[in-house]
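Quick notes on the structure that follows.
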Amino acid sequence: MKTQQFLEHHGIRTNPFAEEDAQTDPVFKDYCILSTHHPAWDKIYGNPAEPATSIVFGEKGAGKTAMRLQIVRHLAQYNADHPDERVWVIEYDDFNPFLDRFRTRFGARRKRTERVLADWKLWDHMDAILSLGVTGLVDRILETKQTRNPPCNDFNLAAVQSLDRHQARDLLMLAACYDHSSAQTKKGRWRSLRGKLRYRSLSAQWDWALGALVTIGLVAATFYSEQWDWLRSPWIYLFALAGWLPWLFRFSRRLLLAVKIARNVRVGKHDVHPLRQILMKFRAADLSGQPLPKKQRTDDRYELLGKFEGILKSLGFHGIVVLVDRVDEPHLINGSVELMRALLWPMLDNKFLKHPGLGIKLLLPIELSHFIDREDRDFYQRARLDKQNMVPSLEWTGEALFDVATARLRACAMPDRTPSLADLFDPAITQRRLTDAFRGLRVPRHLFKFMYRLFVAHCNAYTDDAPCWKISPERFESVLALYNRDQDSFDRGLRAG
């Protein structure tokens, strides 16, 4: 007996439990993403009009990635309904590029992961977040096709012309420091952005023009007077050098600034020469007193974050939501709880988590919650977790999992059919027994795996000529017992799951 035959008999066109990962689950993305939520959804999602931080701990399969996708989809709907009060979304869920660049800053003796992450600070997280945000904004302005920008960040490009000269300068400075797209060369992409912003700074080249004029004048004077012996005198070359001194002074200062930025933005990929060329396009007055990430401290990053927020506000975005997920997946972390703690703990700073207009959604593995209880008073005073909408455990009740299973069945139903879980089971298996069994499965991923295994086991026990349309209590209990045994082995780290 085929599984599809069993499902179609009950009015179900496709297996609702075939996928286990929300990122590749069409049933979730197409049908359940807007309607099926965890009971703590309201606390985690909050009010987009006032973005707030939430810290969520959940075990593998509890739905953290699904919740991230739901937040993005709901914010897209919110942005469509509130075009003048939209929220800019940054998905901070791929740490590998930032960790790889960070690691290259250390010598061979310090490249052990524990030593590398011991030096990871809050400003490195802020640099990574600004990099994602600025790169996404520049991608949108330049209409780059190769982008990870979520659709909810789209906006009318005509709004770019509403930026005043100071904001255009700020965006160009942010792009110089944090735009890390590989779609174009850094200099070419920055030049394209400057053209879109209609930012002109010809007066920044006055010293180059002075040096060129002095050189041309000396050459013309030599040819006009035919005083060829001047070319053997050092004075003509000293005069030419004097004409280039202002440019050389600016060149050296921009080179030093480029070196400092490249050295201190430790999660970025900066080549000093292109960065110096870009910085040469700014007037000294435009850079004077402006915050730049040229030191290892958070003060400059907070100011740069404020500038980024100001630019977004002029474009119609009144807040930023940062979604932090998949912290156990980077190859340097490799699932190590201690390394995850070293990476994430610098972010638990109340000043950062409560920054106005910024909402950080931290979707973290449950193993990290055990470290919270071991911290000292200084940590609690710095993090102020009591103010961060913390969800200690993303738990699912048996009833909630029953509702999830029912919602997925109906999402996969054939037209004019409304299948229910009760239709699949022998009447001896009551709804209470199902909810009790689901409660032991704990999370949606285990529920999906169990239901898929149960369907296969049932269908394998019958032939196409002699099908059985109800799952018997004996089959249900035996498959559940085997799955619980495997689940226990997974929890103890004895199998892959």
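The values are calculated or read from the model by the stated rules, or taken from the named source; none is laboratory data. This is a predicted model, so every value here is computed, not measured. Note: ideal-geometry Cβ built from the backbone for every residue, glycine included; neighbour counts use all protein chains shown.
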Tell me, yes or no, whether the range 391-407 has at least one residue that is of a type in the set (Phe, Trp, Tyr), outside the structural domain of Leu117 (by TED's automatic domain parsing), more than 28 Å from the chain's Cα centre (by Cα) and in a helix (DSSP H, G or I).
yes
Flagged in the range 144-161 as of a type in the set (Val, Ile, Thr) and at pLDDT below 90, in numbering order, are Thr144, Thr147
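Given the residues Ala168, Ala159, Ala176, which is the only one that is under 21 Å from the mean Cα position of the chain (by Cα) and not in a loop (DSSP other than H, G, I, E, B)? Step through it out loud before you land on a result.
Details: Ala168 fails: under 21 Å from the mean Cα position of the chain (by Cα); Ala159 fails: under 21 Å from the mean Cα position of the chain (by Cα).
Residue meeting the stated conditions: Ala176.
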Note: among Arg115, Arg165, just one is without any contact (Cβ under 8 Å) to a residue 60 or more places away in the chain and either more than 21 Å from Arg200 (Cα to Cα) or surrounded by fewer than 13 Cβ atoms within 10 Å (Cβ to Cβ) (or both), namely Arg115
Contact list, first residue from the range 360-376 and of a type in the set (Val, Ile, Thr), second anywhere and assigned to a strand (DSSP E or B) and surrounded by 18 or more Cβ atoms within 10 Å (Cβ to Cβ), beta-carbon distance below 6 Å, six or more apart or interchain, is Ile360/Val322; Ile366/Phe57; Ile366/Gly58
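Within the range 76-110, which residues are under 15 Å from the mean Cα position of the chain (by Cα) and either surrounded by 14 or more Cβ atoms within 10 Å (Cβ to Cβ) or not assigned by TED's automatic domain parsing to the domain that holds Val134 (or both)?
So in the range 76-110, the residues under 15 Å from the mean Cα position of the chain (by Cα) come out as 87-99.
Hits for the range 76-110 are Val87, Trp88, Val89, Ile90, Glu91, Tyr92, Asp93, Asp94, Phe95, Pro97, Phe98, Leu99.
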Gln70 passes all but one of the listed conditions (1) touching a Lys or Arg at 6+ places or on another chain (Cβ under 7 Å); (2) closer than 30 Å to Val337 by Cβ; the exception is number (1)
Within the range 242-271, residues being under 27 Å from Lys121 (Cβ atoms), among the small types (Gly, Ala, Ser) and in a helix (DSSP H, G or I) number 2
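Condition first: over 24 Å from His270 (Cβ atoms) and modelled with pLDDT under 90. Now tell me which residues in the range 162-196 satisfy that.
At the first step, the residues of the range 162-196 found to be over 24 Å from His270 (Cβ atoms) are 162-166.
Across the range 162-196, the qualifying residue is only Ser162.
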Subset of the range 6-33, residues closer than 27 Å to Val72 by Cβ and not in a loop (DSSP other than H, G, I, E, B), comes to Ala22, Gln23, Thr24, Pro26, Val27, Phe28, Lys29, Asp30, Tyr31, Cys32
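Yes/no matrix, rows are residues, columns are (1) under 30 Å from Val337 (Cα atoms); (2) crowded, with 18+ Cβ neighbours inside 10 Å:
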position	(1), (2)
Ala428	no, no
Arg433	no, no
Asp436	no, no
Leu441	yes, yes
Ala457	no, no
Trp469	no, no
Phe476	no, yes
